[in-house]
1. Would you check if residue A:257 is part of a helix (DSSP H, G or I), surrounded by fewer than 18 Cβ atoms within 10 Å (Cβ to Cβ) and either touching a strand residue (DSSP E or B) at 6+ places or on another chain (Cβ under 7 Å) or on the phi < 0 side of the Ramachandran plot (or both)?
2. Please tell me if residue A:199 is assigned to a helix (DSSP H, G or I) and under 30 Å from residue A:9 (Cα atoms).
3. Can you tell me which residue is modelled with the highest pLDDT among those in region A:1-13 that are more than 7 Å from every other protein chain (Cβ to nearest Cβ) and closer than 26 Å to residue A:205 by Cβ?
4. Taking residue A:124 as meeting all but one of (1) surrounded by fewer than 18 Cβ atoms within 10 Å (Cβ to Cβ); (2) in contact (Cβ under 8 Å) with a residue 12 or more places away in the chain; (3) over 18 Å from the mean Cα position of the chain (by Cα), write down the number of the exception.
5. Given the criteria part of a helix (DSSP H, G or I), crowded, with 23+ Cβ neighbours inside 10 Å and away from every other protein chain (no Cβ under 11 Å), does residue A:33 qualify?
6. Tell me the residue from A:280, A:286 that is farther than 23 Å from residue A:146 by Cα and surrounded by 14 or more Cβ atoms within 10 Å (Cβ to Cβ), please.
7. Considering (1) under 25 Å from residue A:200 (Cα atoms); (2) under 20 Å from the mean Cα position of the chain (by Cα); (3) surrounded by 23 or more Cβ atoms within 10 Å (Cβ to Cβ), say which one residue A:118 fails and leave the rest.
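The values are calculated or read from the model by the stated rules, or taken from the named source; none is laboratory data. All values derive from a computational prediction rather than experimental measurement. So basically every Cβ, Gly included, is an ideal-geometry build from the backbone, and we count neighbours across all protein chains shown.
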């Protein structure tokens, strides 16, 4: 029988035995990101190990480096919540000074990127350091016990945005850090999802190969924080793409007008004008995405909140220059 | 049966690891978390049917541990020392070659 090979390198930089929950989507994202990075480094510099990681405090830092063990098989530095980008800048400057070839990968969660580390991230992008910043977005501070972050979507339950008689849960729209990063006019900004690993790996490799800063925002499931069953972890993120909740796009050099939008799949109709996506007609209602997660359970008693969420998703797509139609579920 | 890509790490940890505090609390052994056999967390275990497998590698790509590795012929091998039994592989397998069964010890 013919021998087949996996479509991605079998070199491992993320070892088993770490303390992540069963079904953690973020662990998958980091495993794929490091593999993609090593492939890109091999293609660019001929050395698959020519990278180092600066990791902000967060879920994945805590589960991967429980003292006295580490799950990392790459040079890795743990830094405080706010300064992953600053430390990555320093490492990159030092590598430049000693003439070492390679690229730095900075990793932060959504709290460490969107809230606490935003200033350091902005500084790193503005100073044009040769660093890829990977933001794994599980949409709340999951490590400390599910507190809301500015990346939490509208209507979600967290311990600091509890739904009840006078509250519908999180009442602010989600902040899109990828668009903030793109406003720095850096060479490459992308959003990705663990449910589309080939797209994610391609984007990580592209980000690793550009000269200058790059930013990748990847959505990944938090099983306890989203109140989701572990085996549905990937399925939920796939539904996020297919229902329009999570856009997949790439922006190069801050050129919002030539934004590249990946077709969402799930039967959605994509309308293009001159190669640019101008309208998407989704076929799956966002309720399909919401109903798999306990954090949105209370919304089904308040249909007006789901309609509000639909309006916010439309507004977000409008920012990307796309008119979307989101269907309502059939009665 | 293929060897785990972490075999060298496991042997090194067993040989070199000690409870003694290192200067500056530095962790010297990369990938030393392999000493934690997280397979004990499991309630349901994946059962693999080699005949049905089309070698699409989706289980290998999605496994968050990673506790799935590839043997010489390109089939996935499950490492039950580390599999936490999340069931992503069984849920994502397009040909149902993986099913989750309750583990009996």
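1. Values: part of a helix (DSSP H, G or I): yes; surrounded by fewer than 18 Cβ atoms within 10 Å (Cβ to Cβ): yes; either touching a strand residue (DSSP E or B) at 6+ places or on another chain (Cβ under 7 Å) or on the phi < 0 side of the Ramachandran plot (or both): yes.
Considered against the rule, which asks whether it is part of a helix (DSSP H, G or I), surrounded by fewer than 18 Cβ atoms within 10 Å (Cβ to Cβ) and either touching a strand residue (DSSP E or B) at 6+ places or on another chain (Cβ under 7 Å) or on the phi < 0 side of the Ramachandran plot (or both), residue A:257 comes out as yes.
2. It is true that residue A:199 is assigned to a helix (DSSP H, G or I) and under 30 Å from residue A:9 (Cα atoms).
3. Within region A:1-13, the match that is modelled with the highest pLDDT is A:13.
4. Here residue A:124 clears every test but (1).
5. On the way: part of a helix (DSSP H, G or I): yes; crowded, with 23+ Cβ neighbours inside 10 Å: yes; away from every other protein chain (no Cβ under 11 Å): yes.
Against the criterion (part of a helix (DSSP H, G or I), crowded, with 23+ Cβ neighbours inside 10 Å and away from every other protein chain (no Cβ under 11 Å)), residue A:33 qualifies.
6. A:280
7. Against the list (1) under 25 Å from residue A:200 (Cα atoms); (2) under 20 Å from the mean Cα position of the chain (by Cα); (3) surrounded by 23 or more Cβ atoms within 10 Å (Cβ to Cβ), residue A:118 comes up short only on (3).
Each row is one residue, and each column tells you yes or no for (1) within 13 Å of chain B (Cβ to nearest Cβ); (2) in contact (Cβ under 8 Å) with a residue 24 or more places away in the chain; (3) crowded, with 23+ Cβ neighbours inside 10 Å; (4) over 27 Å from residue B:51 (Cα atoms).
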| site | (1), (2), (3), (4) |
| --- | --- |
| A:21 | yes, yes, no, yes |
| A:26 | yes, yes, yes, yes |
| A:48 | no, yes, no, yes |
| A:54 | no, yes, yes, yes |
